[in-house]
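Here is the structure we will look at.
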Amino acid sequence: MSEKVLVAGATGYVGRYLVQALHGAGYQVRALVRSQQVAEAPGAYGAPALSGLVDEWVVRDITADGQAEGLCEGVDRVVSALGVTRQKADPWDVDFLGNLRLLEDAERHGAQSFCYVNVMNVWSGQSMILRSKAAFTTALTRSRLKHQVINPSGYFSDLSTFLSMARTGVVMLPPQPDVQLSPIHGADVAAAFLEKMLGASGAWYIGGPEVLTYRDVTRLAFEALGKKERTVTMPLSLTRGTLRLASHLDSRSRNLAQFFADGLTQNSVGKLYGQHALSDYFKALVQAGVEKK
């Protein structure tokens with residue numbers, strides 16, 4: 001009988017590819033979601049629908065008290081892509097406490113391993129999103145369970161923002177447009193998980209098959225649209241001003257502003273991995289019209 005794997009965060013960009021890859025490899029998939037209807041529909045940024053890929057649905061809000069209990073009963077392994085980016089939620093409640101409750105339940109029910117989708121540069125970021133991920137990573141590495149932590153560079157889905165800007169005719173580049181990253185497709189992240197999931201504990205820093213700067217990303221966005229490239233570089237003073245302004249707004253705006261500032265100012269190049277090129281991804285989004293979502 002094939003192993004049963006619980007996937008948390010199954011409706012996110014990477015989570016959907018994880019479910020697809022596990023199903024394709026013959027695993028039984030238990031998907032933790034907040035809405036089965038949303039999960040069974042196509043995801044944003046070209047991510048797959050989960051209809052027909054899940055053996056068992058569990059609809060719960062992991063941030064609510066007691067909702068993690070029993071999630072891992074009968075499960076061999078746990079894979080978590082649970083995390084906050086643009087959602088209206090507190091990163092500490094989701095990225096740290098939600099994952100911690102899941103880990104504790106996995107320990108209680110004797111799961112063999114816990115695999116976690118982290119992000120690169122988590123230890124140097126200042127945002128609550130990165131601090132929450134760092135706190136959970138620390139807890140996971142202290143667990144008695146085998147653990148595999150995948151730290152991807154920026155996702156293709158994140159960079160669709162440049163495609164949306166290019167559609168308007170002008171892309172605003174970050175203050176350091178030559179910062180390097182190795183963006184990776186969700187399917188390639190899932191493939192890396194399948195390679196590491198059954199092995200020893202460890203952490204891996206991965207990216208896609210090419211190293212790009214934000215100038216390169218912008219060029220590829222305009223090329224996909226068949227438009228002439230036009231850019232404006234954001235002054236560093238404007239970035240700082242935006243962060244100061246966000247600090248006086250609600251916590252969600254403050255967290256997001258700092259999270260994206262962290263990502264735009266640090267190199268994020270992992271071990272080159274995978275087969276998907278960003279240029280092909282942009283062209284596919286343009287053809288499907290989904291970069292508007």
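Could you derive backbone 3J(HN,Hα) for segment 38-54 from the dihedral phi with the Karplus parameters 6.51, -1.76 and 1.60 (θ = phi - 60°), listing whole Hz in sequence and x where the residue is Gly or Pro?
With the stated coefficients, segment 38-54 comes to 5, 5, 7, 8, x, x, 5, 6, x, 5, x, 6, 9, 4, x, 10, 10 Hz.
Of the peptides 65-78, 47-60, 90-103, how do they stack up when ordered by the mean number of other Cβ atoms within 10 Å, highest first?
Details: 65-78: 17.4, 47-60: 15.9, 90-103: 22.0.
Order by mean packing, descending: 90-103, 65-78, 47-60.
Using a cut-off of 12 Å between alpha-carbon atoms, which aspartates and glutamates can reach Lys283, once sequence neighbours fewer than 8 places away in the same chain are excluded?
Glu223, Glu291
Can you tell me, using C-alpha contacts under 8 Å and at least 6 residues apart, the relative contact order of the chain as a whole percent?
On the way: 585 pairs, mean separation 54.0, N = 293.
Once divided by the residue count of the chain, the mean separation gives 18 percent.
Taking the Cα-to-Cβ direction at Val59 and at Ala288 and moving 7 Å from each Cα, how far apart do the two end points lie in nm?
It works out to 2.5 nm between the two label points.
Counting DSSP beta bridges in the chain, what percent are antiparallel, to the nearest 5? Provide the component values of the computation, followed by the final result.
Values: 2 of 36 bridges.
Here the share of antiparallel DSSP bridges comes out near 5 percent.
Taking a cut-off of 14 Å between Cα atoms, list the aspartates and glutamates near Lys4, but don't count ones fewer than 8 places away on the same chain.
The qualifying aspartates and glutamates are Asp55, Glu56, Glu73, Asp76.
Beyond a 31 Å Cα-Cα separation, which of these cross-linked pairs lie in this structure: Lys133/Lys196; Lys133/Lys271; Lys133/Lys228; Lys88/Lys228; Lys133/Lys227? Before the final figure, lay out the partial values.
Values: Lys133/Lys196 20 Å; Lys133/Lys271 21 Å; Lys133/Lys228 39 Å; Lys88/Lys228 36 Å; Lys133/Lys227 38 Å.
Distance filter (> 31 Å) returns Lys133/Lys228; Lys88/Lys228; Lys133/Lys227.
Rounded to the nearest 500, what is the chain's calculated 222 nm mean residue ellipticity when only DSSP H runs of at least 4 contribute -39500 (n - 2.57) each, over all residues? Kindly include the intermediate steps, with their values, before the conclusion.
On the way: 10 runs with 113 residues, N = 293.
After summing the helix terms and dividing by the residues of the chain, the value is -12000 deg cm²/dmol.
Length gain on complete extension for the stretch Ala277 to Arg142, per 0.36 nm per residue less the alpha carbon to alpha carbon distance? Before the final figure, lay out each step's value.
On the way: separation 135, 0.36 × 135 = 48.60 nm, distance 3.60 nm.
Gain on extension, Ala277 to Arg142, equals 45.0 nm.
Per residue of segment 5-20, in order, report the coupling 6.51 cos²θ - 1.76 cosθ + 1.60 (Karplus, θ = phi - 60°) as ³J(HN,Hα) in whole Hz, putting x for Gly and Pro.
10, 8, 10, 9, x, 6, 8, x, 4, 6, x, 5, 5, 5, 4, 4
Pick from Thr137, Thr168, Thr11: which is most flexible by mean-square fluctuation in a GNM of the chain where alpha carbon atoms under 10 Å apart are linked?
Evaluated over the chain, the most mobile residue of the options is Thr168.
For segment 133-158, list residues with backbone N below 19 Å from a point placed 7 Å from the Cα of Gln266 toward its Cβ?
133-141, 149-156, 158
Every read-out reported here was derived from the displayed coordinates using simple, explicitly stated rules and does not represent laboratory data. Values in this document were obtained by computation on a predicted structure and should not be read as measured data. Backbone-built Cβ (ideal geometry, glycine too); neighbour counts: all protein chains shown.
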